[in-house]
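The values are calculated or read from the model by the stated rules, or taken from the named source; none is laboratory data. Note that this is a predicted model, so its numbers are computed, not measured. Using ideal geometry, Cβ is built from the backbone for each residue, glycine included, and neighbour counts are taken over all protein chains shown.
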Ligand SMILES: Cc1cc2nc3c(=O)[nH]c(=O)nc-3n(C[C@H](O)[C@H](O)[C@H](O)COP(=O)(O)O)c2cc1C
């Protein structure tokens, strides 16, 4: 019996297995609109058997985009094409999820393959002023942010709420709030990027305030049976930064506030952090948060084989395994993993003749 191919129920939603496509920016949108690329990219991975696909960081406001080519859900016109993609995903027996995001001080940068490296996009070329908890750059080639004032903070919360309402209209069945990788909500969590002296900075309670307010606004807009995830960077891997202990405390408060799963990544808020990258190097955070905060977790990061994914779920280190680059290499990873692990899963009828027989 494979633990990886056991279903998981979160509130009113049942996922058919534990393999999830991790959110991956495609930098292929115009004015936030999804297009055929997103349909084929997400659609192929639904055909490949993942139980849940979390769509890339999708901006809650135009200024919350990492690059001008990011997907967005800040206006009603974005809904129609998203709905088309999501209906296709559901028709394959997979679940469409969305990662709602605001890039904070890492916004308004170039898409790498458009030839300008990772630098700031000037306003003359379609860039925009960026915001953050404090006026501290991520690194020299990133834009200098303006510290959000009280009205700016209110707008961020309202934008997450409106994006949630549009996500429901677009047929998404899971919402993940992006509070990782050095983007706006993570910037508030970490003392390295948050040096505010008001109620949003300083103490742990103050630094997590914005995330808790966003969670409350999003949860309020969701039906009671709708699962809500939060992705965090469980550590900044840097002295004086956000810590794993704080992640455990935060996760337990998130659980009390109606979050169903913490997706445990790390890093991204410090340009020169020394990260001990290796197979499954972030799984320990998913394991610890699951055990100590009593909340379901997702493990992500250099998980590349069916055996590794199986072990993570079977040993109770995490409830879900998220794959990013391995799913780019092989959209059919879940179908292959099922065969290797001896689980009998349904293949798309169109592909049935290719299904390996015992
Ligand atoms: C092309 C690409 C785009 C990514 N975009 C996002 C994103 O939009 N949101 C996010 O939280 N992580 C993003 N990530 C990080 C992945 O979700 C994942 O956490 C990371 O790649 C580690 O998993 P892996 O070793 O399976 O690739 C991206 C990664 C890649 C390779």
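Quick notes
- Residues being modelled with pLDDT under 85 and under 24 Å from the mean Cα position of the chain (by Cα) - total across the range 115-136: 3
- Residue in the range 263-278 that is away from the ligand (no atom under 11 Å from the Cβ), in contact with a strand residue (DSSP E or B) (Cβ under 8 Å, 6 or more places away or on another chain) and under 16 Å from residue 180 (Cβ atoms) present: yes
- Within this structure, residue 50 fails the test of being within 18 Å of the chain's Cα centre (by Cα), closer than 15 Å to residue 323 by Cα and away from the ligand (no atom under 16 Å from the Cβ).
Quick grid of which residues meet (1) buried (at least 20 other Cβ atoms within 10 Å of the Cβ); (2) without any contact (Cβ under 8 Å) to a residue 12 or more places away in the chain; (3) assigned to a helix (DSSP H, G or I):
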residue	(1), (2), (3)
175	yes, no, no
178	yes, no, no
185	yes, no, yes
188	yes, no, yes
199	no, yes, no
202	no, yes, no
205	no, yes, yes
210	yes, no, yes
215	yes, no, yes
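- Lone unmet requirement of (1) out of contact with any helix residue (DSSP H, G or I) (no Cβ under 8 Å at 6 or more places or on another chain); (2) part of a loop (DSSP other than H, G, I, E, B); (3) more than 19 Å from residue 23 (Cα to Cα) for residue 80: (2)
- Counting only residues that are under 19 Å from the mean Cα position of the chain (by Cα), closer than 24 Å to residue 309 by Cβ and either modelled with pLDDT under 95 or assigned to a loop (DSSP other than H, G, I, E, B) (or both), the range 234-285 holds 10 of them.
- Residue 338 being within 28 Å of residue 215 (Cβ to Cβ) and either more than 16 Å from the ligand (Cβ to nearest atom) or at pLDDT below 95 (or both): no
- Meets criteria (touching a residue at least 24 places away in the same chain (Cβ under 8 Å) and in contact with a strand residue (DSSP E or B) (Cβ under 6 Å, 6 or more places away or on another chain)) for residue 72: yes
- Of all residues in the range 105-112, at least one satisfies being in contact with a helix residue (DSSP H, G or I) (Cβ under 7 Å, 6 or more places away or on another chain) and buried (at least 24 other Cβ atoms within 10 Å of the Cβ).
- Checking each residue in the range 286-304 for being within 16 Å of the ligand (Cβ to nearest atom) and either out of contact with any helix residue (DSSP H, G or I) (no Cβ under 9 Å at 6 or more places or on another chain) or assigned to a loop (DSSP other than H, G, I, E, B) (or both) picks out 301, 302, 303, 304.
- Checked against (1) within 14 Å of the ligand (Cβ to nearest atom); (2) surrounded by fewer than 20 Cβ atoms within 10 Å (Cβ to Cβ); (3) within 18 Å of the chain's Cα centre (by Cα), residue 323 passes all but a single condition, namely (2).
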